Ligand code: URA
């Protein structure tokens, strides 16, 4: 009998899933990227953070959120009392999409079909981790996790359902680097830390209730 096409990975651990994802050809982005940048962190993390896609540094190092956005994310996590090593950090799209410009590689937003193709991995990561809370960092992650366009500004701070789990949306850390005015940037950073504190409280309450 013909084998049914699989609609989910049957990997039994994150390590196995990571090995499978290293050879991913589900969309064309693998062709120009250095490597698959898979998620990293605690196998049974209470909080899973989902970004957009690896940037230039992440593509070279093979780790999520290690470049400029990762630095500000780490600082905000520490201020909110969240240990990054106790969480799981991943991206909606696992290859760097860019446009070469001289010696630079300029970030390009993944499109709907790339987000859709990569959701295979995100779904499998979430199924193995079974977190208490999933956090979408920015619009691409919110789309990947909800299947539709969500307005971050309207929904941040509100508990939502994302991929069948409790979830929150907040801004992407790179947004904090782009706010041109210093006072506004500081304010946006404080709001981001406040979102992270709320998320930490929510995850802790769910852990106690479990
Ligand atoms: N931006 C992201 O969305 N993810 C990373 O890993 C780095 C930058």
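Which residues, counting only those in region 135-161, are surrounded by fewer than 24 Cβ atoms within 10 Å (Cβ to Cβ), in contact (Cβ under 8 Å) with a residue 24 or more places away in the chain and away from the ligand (no atom under 12 Å from the Cβ)?
Answer for region 135-161, where residues must be surrounded by fewer than 24 Cβ atoms within 10 Å (Cβ to Cβ), in contact (Cβ under 8 Å) with a residue 24 or more places away in the chain and away from the ligand (no atom under 12 Å from the Cβ): 143, 156, 157, 159.
Can you give me the number of residues within region 140-150 that are in a helix (DSSP H, G or I) and over 19 Å from residue 27 (Cβ atoms)?
2
Tell me, which strands (runs of 3 or more DSSP E) lie completely within region 25-128 with 3 or more residues that are out of contact with any helix residue (DSSP H, G or I) (no Cβ under 8 Å at 6 or more places or on another chain) and closer than 23 Å to residue 147 by Cα?
none
In region 37-58, how many residues are touching a residue at least 40 places away in the same chain (Cβ under 8 Å), within 12 Å of the ligand (Cβ to nearest atom) and more than 14 Å from the chain's Cα centre (by Cα)?
Residues meeting the conditions: 1.
Any read-out appearing in this document is the output of simple, stated calculations on the displayed coordinates, not a laboratory observation. Quick caveat: nothing in here was measured; it's all calculated off a predicted structure. Glycine gets a Cβ as well: all are built from the backbone with ideal geometry, and neighbour counts include every protein chain shown.
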